[in-house]
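Below is one structure, written out as structure tokens; the observations come after it.
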Amino acid sequence: MTRWEEQSIEFKKILDEIFEVHQRKGSDYSTGHDDHYSNVRQSSEFGIEPWLGAIIRQNDKIGRIKSFVKNKKLYNESVEDSLLDNATYALIALALYREDSKCS
């Protein structure tokens, strides 16, 4: 197996992990309705488009990663969790942006 193939397999595993975590966490926010993005959509209550709300949450994760780089430790969430959440928020932002673009 080539290095490229090995990297592709690992990349796919990470995508699968992101999907699994998204499904699991999304169920915590979708009580009473069937919207995995309901928590992010709440940014509209403050006049912020939901896809931008996801970007703001992504920025929070970047802040956590910067803290790790500076302090070499995190107390409440691992770097891997922060990276996975960052990727997830990027995907949520894209999904909501596309949804919004279809409505415009």
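Side notes on the structure shown:
- When its C-alpha radius of gyration is set against 2.2 N^0.38 Å (N residues), the chain gives a value of 1.22.
- Of the DSSP H helices in the chain, those whose Cα atoms cover at least 15 Å axially and whose Kyte score averages 0.0 or more: 79-103
- Dipole magnitude (debye, nearest 20) for the chain, charges at Cβ of Lys, Arg, Asp, Glu: 480
- Placing unit charges on the Cβ atoms of the charged side chains and taking the dipole of the chain about its Cα centre, the candidate lying farthest along the positive direction among C103, F46, Q58 is Q58.
- Violating pairs (Cα-Cα greater than 28 angstrom) within the set K66/K102; K12/K70; K13/K66: K66/K102; K12/K70
- Residue order, fewest to most beta carbons within 10 Å, for S101, S8: S101, S8
Readers should treat all values here as calculations from the given coordinates under stated rules, not as data from a laboratory. Everything numeric here is computed off the predicted structure, so don't read it as measured data. As a convention, Cβ positions derive from the backbone with ideal geometry for all residues, glycine included, and neighbour counts pool all protein chains shown.
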